[in-house]
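First up is the structure itself, then whatever we jot down about it.
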Ligand SMILES: [Zn+2]
Ligand SMILES: [Zn+2]
């Protein structure tokens, strides 16, 4: 299987104290991933249940403590409250991109009502 440059990361940046994680991909795209989006769309079964659809789950600590690579296909993120069961595949992370180019078409928007903190 050839690697798709769109889902092959070149760099992951998450400066301490920042509220976004940045990923640069092999196709040159720079993704902006707000912590709120990453946490709210945590793909683990605890957050999402077993319904099969991914939805925004508000709450939880938004401090990104740790980023760990899983094999060659995903990252796990550890949050300030110790939650770390979400496995974010590169494909999923790319789909979560909230850069100005991707934002209008994202399938994973932040809720509009300002119910998040
Ligand atoms: Zn989760
Ligand atoms: Zn983007």
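Just so it is clear, none of the values below were taken in a lab; they were calculated from the coordinates. Computed from a prediction, not measured in an experiment: that's the story for all the values here. Positions of Cβ are generated from backbone atoms using ideal geometry, with glycine treated the same way; all protein chains shown enter the neighbour counts.
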In the stretch 75-117, anything over 15 Å from residue 41 (Cα atoms) and under 13 Å from the mean Cα position of the chain (by Cα) is listed as 99
(message) Looking at the structure I just gave you, is residue 22 in contact with a strand residue (DSSP E or B) (Cβ under 8 Å, 6 or more places away or on another chain) and either at negative phi or touching a residue at least 40 places away in the same chain (Cβ under 8 Å) (or both)?
(response) yes
Looking across the stretch 90-104 at residues that are more than 9 Å from ligand 2 (Cβ to nearest atom) and without any contact (Cβ under 8 Å) to a residue 24 or more places away in the chain, the single one that is surrounded by the fewest Cβ atoms within 10 Å (Cβ to Cβ) is 104
Those residues of the stretch 47-59 which are in contact with a helix residue (DSSP H, G or I) (Cβ under 9 Å, 6 or more places away or on another chain), over 15 Å from residue 107 (Cα atoms) and surrounded by 16 or more Cβ atoms within 10 Å (Cβ to Cβ) amount to 47
Regarding the stretch 10-18, can at least one residue be identified that is under 12 Å from the mean Cα position of the chain (by Cα), within 16 Å of ligand 1 (Cβ to nearest atom) and either surrounded by 15 or more Cβ atoms within 10 Å (Cβ to Cβ) or in a loop (DSSP other than H, G, I, E, B) (or both)? no
Given (1) surrounded by 12 or more Cβ atoms within 10 Å (Cβ to Cβ); (2) more than 16 Å from ligand 2 (Cβ to nearest atom), residue 23 misses just (2)
Determine whether the stretch 36-46 contains at least one residue that is exposed (fewer than 15 other Cβ atoms within 10 Å of the Cβ) and free of Cβ contacts under 8 Å to residues at least 40 places away in the same chain. yes
Out of curiosity, is residue 40 away from ligand 2 (no atom under 16 Å from the Cβ) and on the phi > 0 side of the Ramachandran plot? no
Within the stretch 64-83, residues out of contact with any helix residue (DSSP H, G or I) (no Cβ under 9 Å at 6 or more places or on another chain) and surrounded by 13 or more Cβ atoms within 10 Å (Cβ to Cβ) come out as 65, 67, 76, 78, 80, 81
